[in-house]
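This report refers to the structure that appears directly beneath it.
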Amino acid sequence: MPKIKSIFRKSIEKIKPYKPGKPIEEVKRELGLRKVIKLASNENPLGPSPKAIKAILKSISDLNRYPDSNCFYLKQKLAKRFGLKEGNFIIGNGSDELIVLVLRALIEPGDEVLIAYPTFLIYEIQAHACGAKVIRVPLKSFRYDLERMREKVNPRVKIVFIANPDNPTGTYVTKDEVNKFMEGIPEETVVFFDEAYYEFAKDFPDYPDTLQFLGKKNIIITRSFSKAYGLAGLRIGYGIGSPYLIDHLERIREPFNVNILAQVGALHALEDKDFLEKTMEINRKGKEYLYSEFRKLGLSFVPSATNFILVDIKRDSREVFQALLRRGVIVRDMKDWGLNNFIRVTIGTKEENERFIKELRRLII
Ligand SMILES: *Cc1c(COP(=O)(O)O)cnc(C)c1O
């Protein structure tokens, strides 16, 4: 192909491709390794919810049918659980899809989108894809600086993204900080609370209950089945908002965005209390173990409200990432987030955590 003047929209030329965590199979193949562990994408180390698996297997024979476009049973269950109406919910092909839908529904080229920096990379990528002007507010001590962010809000800002807890830092903003932020927020501005790690943080006494803003402010809250419920591969998440906002998102949603197995899996995962408890327990224990090993190695880390930890490894993160990879341990190199000496590690099973620490120790001592 001859090099021609780009045929693409200028806003898309600016976007750097998102690099996901490396899949286990790819690393095995490329490096000829047999035993590879992945602690790179904040997946559930226990596998999928067993109740979800059972229900999914039963639904396999329905795969000749299109899925329910409206995700009726899932919306009904969620509505009951939160004391809301079905019309308060939208179901997405992962909560990632809801980020895209909200941007597409609200952004005219040139509108402003306010984000923290660094934070979850998808906000900025998708905001650019819609032609938005992205305003970044730096983190302060690895936390969202909601005061500074509030100063940047004006009626031109259409969306503010707040990952709570945040990825890749694992920190969260508190009830008081959020209340102050929401005070007098313009009607034109939608505040997007991305609560993909909600289940890990919800019991902290100062973790905000963002549902309280429903019907009072322009907000959307998203949550995911990918992390605590172990269904990342199915792709399903939900959004909560006013019926007015949800109705507009529904207009531009693809009719069959959520597949049959994902709907059934999510419905039954919500009932799997036992699995959720086990997930929280293995995460709590793994976190304590990793904290104590990092201290022994003289490494500092950001205390996490999630299922991953951001660690300062005090050397080039790409080199450490590559060296761990060659030894069959996949973590996340934080260079793409501008954190050059950091890796992000997902809390795994006991065996996975021990193997990661063993390989890390070998590298840095
Ligand atoms: C993992 C993650 C998501 C995406 O979740 P899906 O439901 O799998 O699309 C959204 N936001 C943050 C902050 C995440 O870390």
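Worth a mention:
- Cβ-Cβ under 7 Å pairs, at least 6 apart or on other chains, segment 332-349 side free of Cβ contacts under 8 Å to residues at least 24 places away in the same chain, far side part of a helix (DSSP H, G or I): Asp333/Ser317; Asp333/Arg318; Asp333/Phe321; Lys335/Ser317; Lys335/Arg318
- Residue check, Ile221 touching a residue at least 40 places away in the same chain (Cβ under 8 Å), on the phi < 0 side of the Ramachandran plot and either over 22 Å from the mean Cα position of the chain (by Cα) or open to solvent by less than 10 Å² (accessible area, probe 1.4 Å) (or both): no
Results for (1) within 16 Å of the ligand (Cβ to nearest atom); (2) surrounded by fewer than 22 Cβ atoms within 10 Å (Cβ to Cβ), shown as yes or no for each residue.
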site	(1), (2)
Leu74	yes, no
Gly83	no, yes
Ser95	yes, no
Tyr117	yes, yes
Lys133	no, yes
Asp145	no, yes
Ala163	yes, no
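- Whichever residue in segment 166-193 is open to solvent by 10 Å² or more (accessible area, probe 1.4 Å) and within 13 Å of the ligand (Cβ to nearest atom) and, among such residues, is nearest to the chain's Cα centre (by Cα): Asn167
- Which listed residue, of Ile4, Ile37, is at pLDDT below 95 and out of contact with any Cys (no Cβ under 7 Å at 6 or more places or on another chain): Ile4
- In segment 29-46 there is no residue that is closer than 27 Å to Pro138 by Cα and in a strand (DSSP E or B).
- Residues satisfying the stated conditions in segment 179-210, i.e. in contact (Cβ under 8 Å) with a residue 24 or more places away in the chain and over 27 Å from Ser41 (Cα atoms): Asn179, Lys180, Phe181, Met182, Ile185, Pro186, Glu187, Glu188, Thr189, Val190
The values are calculated or read from the model by the stated rules, or taken from the named source; none is laboratory data. If you're wondering where the values come from, they're calculated on a predicted model, not measured in any experiment. So basically every Cβ, Gly included, is an ideal-geometry build from the backbone, and we count neighbours across all protein chains shown. Note: areas computed on protein heavy atoms with side chains; ligands, DNA, RNA excluded. Shrake-Rupley method; radii C 1.70, N 1.55, O 1.52, S 1.80 Å.
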